[in-house]
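The values are calculated or read from the model by the stated rules, or taken from the named source; none is laboratory data. Note that this is a predicted model, so its numbers are computed, not measured. When we count neighbours, we look across all protein chains shown, and the Cβ atoms used for this are built from the backbone with ideal geometry, even at glycine.
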């Protein structure tokens with residue numbers, strides 16, 4: 001039986017991971033859980049699954065039979081515990097980078113659902129993986145799809161990776177129409193039920209921009225070896241094209257519990273008891289469209305950041321995180337997000353990211369530049 005630690009257990013991916021664990025009680029045992037501040041749900045999860053350890057940045061009264069870790073570094077300290085066989089990294093944002101590096105040092109499997117740590121961590125994460133012989137298995141549906149499709153040929157036979165994007169709710173709208181959309185429209189995704197930050201990123205396509213850089217990190221591909229297609233049905237989760245012209249596609253109903261289960265069970269496959277099977281006769285048409293990079297500039301910015309390297313991927317991510325905060329605080333508009341990130345990327349003096357400190361410094365600069373743009377152009381902090 002595998003012992004599982006879930007970092008970010010109270011979030012969407014974390015909760016669904018616990019559903020997978022509950023569905024396979026003879027396969028998995030929950031060892032540890034962590035959250036930032038939702039300690040009530042965290043305690044409930046620990047009680048229901050009889051977890052051994054809890055980690056939370058906010059201190060609270062803890063049951064005597066559970067080992068509790070508190071403080072800003074709580075998730076990092078739980079990740080460093082080598083009792084777990086698999087660490088599920090479901091923490092959002094660059095805050096996941098330190099726990100990721102701590103988990104890698106145990107030389108075990110990390111089922112990763114966090115893009116930002118790979119986008120920003122880059123060479124630092126690669127060096128740690130090589131040194132400690134840890135294993136990364138992606139949870140994000142697109143990266144999991146590529147991971148699975150790559151099993152059909154050797155690395156030298158791969159021509160390109162093809163990421164699919166739902167397009168969010170606005171991919172058919174003109175730039176002018178995007179001027180007046182409401183936050184309620186932004187947060188209503190046509191396919192997936194996600195947290196509000198990732199739902200916003202899906203609408204702007206910054207989520208796909210991050211996935212381009214993430215795929216380059218995970219699968220060691222150049223920018224020219226990664227393409228993106230809009231696929232509104234969200235049935236084909238991504239594809240791999242081989243040099244003989246064959247394209248392998250991964251298809252399933254859009255349910256995150258499937259890639260979560262695969263990340264836990266890999267290289268084996270367990271019976272699906274959680275979500276409905278895919279019936280193509282009921283789906284009907286599967287359509288694919290090119291991305292209009294002038295309308296959704298996040299894709300263009302992501303490719304530029306990937307090609308230039310250094311600290312630009314970190315700035316791309318950090319500025320977008322800060323712009324999202326400004327948007328949800330109603331200090332900038334939907335279309336301002338792209339302009340805000342472009343401003344930060346243009347003004348950042350690029351440098352190598354050869355330490356954790358340099359990465360975190362680039363992230364701080366990105367957020368400062370994004371705030372600076374909002375103050376200068378919009379007159380708001």
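Considering only the range 6-30, state which residues are more than 23 Å from residue 271 (Cβ to Cβ) and either out of contact with any helix residue (DSSP H, G or I) (no Cβ under 6 Å at 6 or more places or on another chain) or assigned to a loop (DSSP other than H, G, I, E, B) (or both).
8, 9, 10, 11, 12
So that you can scan it fast, the table gives a plain yes or no per residue for (1) at pLDDT 95 or above; (2) outside the structural domain of residue 239 (by TED's automatic domain parsing):
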site	(1), (2)
75	yes, yes
83	yes, yes
90	yes, yes
95	no, yes
98	yes, yes
110	yes, yes
117	yes, yes
129	yes, yes
147	yes, no
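Within the range 283-318, which residues are more than 24 Å from residue 171 (Cα to Cα) and surrounded by fewer than 19 Cβ atoms within 10 Å (Cβ to Cβ)?
Matches in the range 283-318: 307, 308, 309, 310.
Anything in the range 324-359 that is under 21 Å from the mean Cα position of the chain (by Cα), farther than 21 Å from residue 299 by Cα and surrounded by 16 or more Cβ atoms within 10 Å (Cβ to Cβ)? List them, or say none.
Selection gives 353, 359.
Could you say which residue among 162, 146, 198 is out of contact with any helix residue (DSSP H, G or I) (no Cβ under 8 Å at 6 or more places or on another chain) and more than 14 Å from residue 296 (Cβ to Cβ)?
162
Search the range 216-245 for residues being within 18 Å of the chain's Cα centre (by Cα) and in a helix (DSSP H, G or I), and hand back the single one that is surrounded by the fewest Cβ atoms within 10 Å (Cβ to Cβ).
Looking at residues that are within 18 Å of the chain's Cα centre (by Cα) and in a helix (DSSP H, G or I), I get 219.
For the range 16-32, give me the residue count where each residue is surrounded by fewer than 22 Cβ atoms within 10 Å (Cβ to Cβ) and in contact with a strand residue (DSSP E or B) (Cβ under 9 Å, 6 or more places away or on another chain).
Here the count works out to 4.
So which residues in the range 95-113 are surrounded by fewer than 24 Cβ atoms within 10 Å (Cβ to Cβ) and touching a helix residue (DSSP H, G or I) at 6+ places or on another chain (Cβ under 6 Å)?
Once the filter is applied, which keeps residues that are surrounded by fewer than 24 Cβ atoms within 10 Å (Cβ to Cβ) and touching a helix residue (DSSP H, G or I) at 6+ places or on another chain (Cβ under 6 Å), the range 95-113 yields 98, 101, 102, 105, 107.
For residues that are more than 20 Å from residue 268 (Cβ to Cβ) and in contact with a strand residue (DSSP E or B) (Cβ under 9 Å, 6 or more places away or on another chain), scanning just the range 114-151, find the one that is surrounded by the fewest Cβ atoms within 10 Å (Cβ to Cβ). It would help to see each step written out before you state the result.
In the first step, residues of the range 114-151 are kept if they are more than 20 Å from residue 268 (Cβ to Cβ); the result is 114-133, 140, 142.
Filter once more, so that each one left must be in contact with a strand residue (DSSP E or B) (Cβ under 9 Å, 6 or more places away or on another chain): 114, 117-118, 125, 129, 140, 142.
Numbers: 114: 28, 117: 27, 118: 28, 125: 23, 129: 17, 140: 26, 142: 27.
Residue satisfying both the conditions and the ranking: 129.
If a residue must be assigned to a helix (DSSP H, G or I) and either in contact with a strand residue (DSSP E or B) (Cβ under 8 Å, 6 or more places away or on another chain) or buried (at least 17 other Cβ atoms within 10 Å of the Cβ) (or both), how many such residues does the range 39-67 contain?
So the answer is 7.
Does the range 68-88 include one or more residues that are in contact (Cβ under 8 Å) with a residue 12 or more places away in the chain, in contact with a helix residue (DSSP H, G or I) (Cβ under 8 Å, 6 or more places away or on another chain), over 23 Å from residue 136 (Cα atoms) and surrounded by 16 or more Cβ atoms within 10 Å (Cβ to Cβ)?
Within the range 68-88 (the criterion being in contact (Cβ under 8 Å) with a residue 12 or more places away in the chain, in contact with a helix residue (DSSP H, G or I) (Cβ under 8 Å, 6 or more places away or on another chain), over 23 Å from residue 136 (Cα atoms) and surrounded by 16 or more Cβ atoms within 10 Å (Cβ to Cβ)), the answer is yes, since at least one residue qualifies.
Please verify whether the range 260-271 includes one or more residues that are modelled with pLDDT under 95 and in contact with a strand residue (DSSP E or B) (Cβ under 9 Å, 6 or more places away or on another chain).
no
Go through the residues of the range 246-258 one by one and say whether even a single one is surrounded by fewer than 17 Cβ atoms within 10 Å (Cβ to Cβ), on the phi > 0 side of the Ramachandran plot and at pLDDT below 95.
Checking the range 246-258: not a single residue is surrounded by fewer than 17 Cβ atoms within 10 Å (Cβ to Cβ), on the phi > 0 side of the Ramachandran plot and at pLDDT below 95.
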